[in-house]
Structures are given as C-alpha cells and as structure tokens.
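Asks: If you scroll down you'll find the structure; I have some questions about it.
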C-alpha cells in the first residue's frame, strides 16, 4: 500500500483515479489545483503524486517547483493533453521521468504506478 496524491482541476479525472487506486489498496488524497495540493502536503506524505500539467492558478510545473523545496524524493507522474516539449523539459528538470497523455488508458497508468511503487 502506498500514499498517492492526485492533483487535477477536472473532478471526473480526480474521482476516477481516486477510485482506481483506492480499489488497489492505496491511501489516496485529492487536490483540485496546485495551491490545494500544497495545503494537503502540509500533513500528508505521498509516495507518488499524479499531477496534471495544465491547471488554473498554479500549473503543474510551478506546483512541482514548490514541492521540491521541501520534498526532493517524491515520485511524480505528470499528465498532459498537450505534447508541449518545453514544459516536458521543465518537468524533467524537476525530476519528472513519467508522463501520461490525456486521454489516458487507466490500465496503462496502473501499470506505470505499480512499476514506480515497487
């Protein structure tokens, strides 16, 4: 069992991932944007963060930069509907090694998560 944080501005995506990973026995928390994610992380120590790159207020890259100031080790899967090479490069600079394109295949995402959490 792992602690997972799902950060996405789309409620449907958050709910889907919450249910899918809870079903597999993980403790899952959700945040609808970067600011809320930072508040959740004050009390919650995830093993993995699954985060959307494009969100209002604070995007995934900026959120991850803030997270890296107090947690260098948490693994991150970045989700994006845009194959923006510049943003992917910026994410790599913050330690992101895994990307999922939206719309995503839930089975593929589950496999990536399982591999990361081994």
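Asks: Report those strands (runs of 3 or more DSSP E) wholly inside the range 1-68 carrying at least 1 residues which are modelled with pLDDT under 95 and crowded, with 16+ Cβ neighbours inside 10 Å. Before you say what the answer is, go through the steps one by one.
Replies: Details: elements: 3-7, 27-31, 48-52.
Per the criteria, 48-52.
Asks: Next up: Just for the range 1-11: of the residues that are free of Cβ contacts under 8 Å to residues at least 60 places away in the same chain and within 10 Å of the chain's Cα centre (by Cα), which one is nearest to residue 90 (Cα to Cα)? Explain how you work it out, then say what you get.
Replies: Residues of the range 1-11 free of Cβ contacts under 8 Å to residues at least 60 places away in the same chain: 1, 3, 5-7, 9-11.
If we keep only those that are within 10 Å of the chain's Cα centre (by Cα) too, we end up with 5-7.
Numbers: 5: 21, 6: 20, 7: 18 Å.
This residue is 7.
Asks: Just to be sure I understand, how many residues within the range 97-118 are touching a helix residue (DSSP H, G or I) at 6+ places or on another chain (Cβ under 7 Å) and either in a loop (DSSP other than H, G, I, E, B) or loosely packed, with under 15 Cβ neighbours inside 10 Å (or both)?
Replies: Looking only at that region, the number is 1.
Asks: Taking the range 42-61 on its own, how many of its residues are under 13 Å from the mean Cα position of the chain (by Cα) and more than 22 Å from residue 118 (Cβ to Cβ)?
Replies: Here the count works out to 7.
Asks: So which residues in the range 12-41 are closer than 18 Å to residue 109 by Cα and over 13 Å from the mean Cα position of the chain (by Cα), if there are any at all?
Replies: Restricting attention to the range 12-41, the residues satisfying the condition of being closer than 18 Å to residue 109 by Cα are 12-30.
Listed by number, the residues that qualify are 12, 15, 16, 19, 20, 22, 23, 24, 25, 26, 27.
Asks: Filtering the range 72-85 down to residues that are closer than 11 Å to residue 53 by Cβ and either assigned to a helix (DSSP H, G or I) or within 13 Å of the chain's Cα centre (by Cα) (or both), which residue is modelled with the lowest pLDDT?
Replies: Ranking the qualifying residues of the range 72-85, first place goes to 80.
The values are calculated or read from the model by the stated rules, or taken from the named source; none is laboratory data. Note that the coordinates shown come from a computational prediction; the quantities given were computed from them, not determined experimentally. FYI the Cβ positions are ideal-geometry reconstructions off the backbone, even for glycines, and counts take in every protein chain you see.
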